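Step one of this worksheet: look at the structure below.
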Amino acid sequence: MKSFPLSISDVTVSSVILGLMRIKIMSDAEIRTLYAAARDVGINMIDHADIYEGERHLCERRFGEAITFSAAERDSVVIQTKTGIRKQEGLYDLSKEHILKSVDESLVALNTDYIDVLLLHRPDTLVEPEEVAAAFDVLEQAGKGRQFGVSNHTPGQVELLKTAVKQKLVANQVQLSITHANLFAQGIAANINGLEQSISRDNDILNYSRINKVTLQAWSPFQKGWFDGVFLGDSEHYGPLNDAINEIAASHGVTATGIAVAWITRHPANIQVVLGTTNPERVRDGAGGSDVTLSREEWYRLFTAAGHKLP
């Protein structure tokens, strides 16, 4: 399993993350099996959020009930969670009060004394950077939060937070897959009138993150687009892409899932891939892609097979 430092921190992370947003109905034994499969293939980072499965802290609590860490195991695992979405009330909230309350609840749910990485889940247009900064200071000083970052934030939104936040923002979790590849595709087709691919949808998150040493994390790495199913195996809509994936997978001795992961991890930005599966075998398949280095020819073949343009 490829690993590297998280941004400029002293935290070493695996290139694949185990995402735990779908464990609501899993038994304790099934959660333990899923977690063990991830650890066995070298995954050392797990991803949560306080709103997964609709009920606040439900998935965090299920994980905390199923997994009891020894001191050594807790030290070797990087636990990441998110805050800022008040789903039941239909609003976003990055106030100091909400951040601190949410983190305290996450700590109880996860049965841990600290969060390794805390992400602000979505940008709150009513955010006051000084409130976020005050919350981060309290969490850092109390030892409850060790690293901080964002999710789904543009460079401008990150810069706004940095006017007050003193801590390094180490990560930005964004949607990315071979077919949902605005992060890469727009820059390749920049400044071309009449080509939808040339429209900037994220204000150059990719280059901003590389310049400022923010680790990108890819969520929904197998989704076609915005929660409309996976492209793997969809020969009706993505026949050429699946043909290319299967051929390249066979040549590298991995599965199609592994190649979908390898396409992301091939990028020199060192992008982490968040696997949201509850199937231990798919975790193993996805993790296998971390050890595959696609050639430039293979990477661009997949890019164009997905329908993206090379002007």
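State whether one or more residues within segment 234-248 are on the phi < 0 side of the Ramachandran plot, surrounded by 16 or more Cβ atoms within 10 Å (Cβ to Cβ) and part of a loop (DSSP other than H, G, I, E, B). No, segment 234-248 contains no residue that is on the phi < 0 side of the Ramachandran plot, surrounded by 16 or more Cβ atoms within 10 Å (Cβ to Cβ) and part of a loop (DSSP other than H, G, I, E, B).
Listed here are the helices (runs of 4 or more DSSP H) enclosed by segment 67-178 that have at least 3 residues being in contact (Cβ under 8 Å) with a residue 24 or more places away in the chain and either among the aliphatic types (A, V, I, L, M) or farther than 24 Å from Gly276 by Cβ (or both): 96-110, 129-141, 155-162. Every condition in (1) under 24 Å from Gly19 (Cα atoms); (2) surrounded by fewer than 17 Cβ atoms within 10 Å (Cβ to Cβ); (3) among the charged types (D, E, K, R) is met by Glu130 except one, and the failing one is (1). Scanning segment 22-58 for residues that are in contact (Cβ under 8 Å) with a residue 40 or more places away in the chain, crowded, with 17+ Cβ neighbours inside 10 Å and assigned to a loop (DSSP other than H, G, I, E, B) turns up Ile23, Met26, Val41, Ile43, Asn44, His48, Ala49, Asp50, Ile51, Arg56, His57. Given the criteria surrounded by fewer than 20 Cβ atoms within 10 Å (Cβ to Cβ) and under 23 Å from the mean Cα position of the chain (by Cα), does Ser102 qualify? The answer is no for Ser102.
Which of the residues belonging to segment 261-275 are part of a loop (DSSP other than H, G, I, E, B) and crowded, with 20+ Cβ neighbours inside 10 Å? Even if it seems obvious, please write down each step before you answer.
As a first pass, look at segment 261-275 and keep what is part of a loop (DSSP other than H, G, I, E, B): 266-271.
Hit for segment 261-275 is Ile271, nothing else.
Does Thr83 satisfy the condition of being under 19 Å from the mean Cα position of the chain (by Cα) and buried (at least 22 other Cβ atoms within 10 Å of the Cβ)? Criteria met by Thr83.
A short reminder: the numbers here are calculations on the coordinates, not readings from a lab. Computed from a prediction, not measured in an experiment: that's the story for all the values here. Every residue, glycine as well, gets a Cβ built from its backbone with ideal geometry; the counts of neighbours run over all protein chains shown.
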